[in-house]
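Please read the structure below before turning to the comments.
The values are calculated or read from the model by the stated rules, or taken from the named source; none is laboratory data. Quantities reported herein were computed from a predicted structural model and do not represent experimental measurements. Glycine also receives a Cβ, built like all others from the backbone with ideal geometry; neighbour counts cover every protein chain displayed.
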Amino acid sequence: MGARVWLREDEQYMPSTVSSCSGGVVVFTTDYGQVYTYKQNTLTRQKVHAMHPSSISGVEDMASLGDLHDGAIMHNLYLRYRQKKIYTYIGSILAAVNPYEPIPHLYDKPNVELYSRHHLGEVAPHIFAVANECYRSLWKRMENQCVLI
């Protein structure tokens, strides 16, 4: 009991916890409050599998996720969004989630200075890191740069 798993329901992976397992019946509770009950002998690896520890607390760079499927990606973005961390890397790609509210100090001068002194991936994900990397590459390679938004 208490094990963290991915439960596949309606073509999507849902982060869940094993609530009980007795009498050949397993009960799962999703992070969204839904409860699913299955006979233990009907569960397959396609239906339920263990959640990698990296998916439990979330990561800054989704390239380091131990579970790499749409459910893990969405769950990671959701965990970071709840912590007001709207930027997440996928390798050198930056994913941004609209916070629908101002986030104090996200774009202030100390952040500009912080990201100007570090390379991509050295500090938390941020649009300033991508901008700084483009700027550095421009001077280093003396070639045109392209940023997709």
For residues that are closer than 17 Å to Ile86 by Cβ, touching a Phe, Trp or Tyr at 6+ places or on another chain (Cβ under 7 Å) and outside any loop (DSSP other than H, G, I, E, B), tally how many sit in the stretch 113-149. 4
Pick out, from the stretch 1-95, the strands (runs of 3 or more DSSP E) lying fully within it that include 3 or more residues that are within 30 Å of Cys134 (Cα to Cα). 87-90
Scan the stretch 10-31 and report the pairs whose first residue is in contact (Cβ under 8 Å) with a residue 40 or more places away in the chain and whose second residue is in a loop (DSSP other than H, G, I, E, B), with Cβ atoms within less than 8 Å and a gap of 6+ or a chain change. Tyr13/His69; Met14/Asp31; Met14/Tyr32; Met14/Gln34; Pro15/Asp31; Pro15/Met51
How many residues does the stretch 21-46 contain that are at pLDDT 95 or above and charged (D, E, K, R)? 1
Hey, among the residues in the stretch 135-149 that are at pLDDT 85 or above and of a type in the set (D, E, K, R), which one's surrounded by the most Cβ atoms within 10 Å (Cβ to Cβ)? Arg136
Please find, among Tyr107, Tyr81, the residue that is hydroxyl-bearing (Ser, Thr, Tyr) and farther than 30 Å from Arg8 by Cα. Tyr107
Selection from the stretch 1-20 of residues among the aromatic types (Phe, Trp, Tyr) and at pLDDT below 95 yields Tyr13
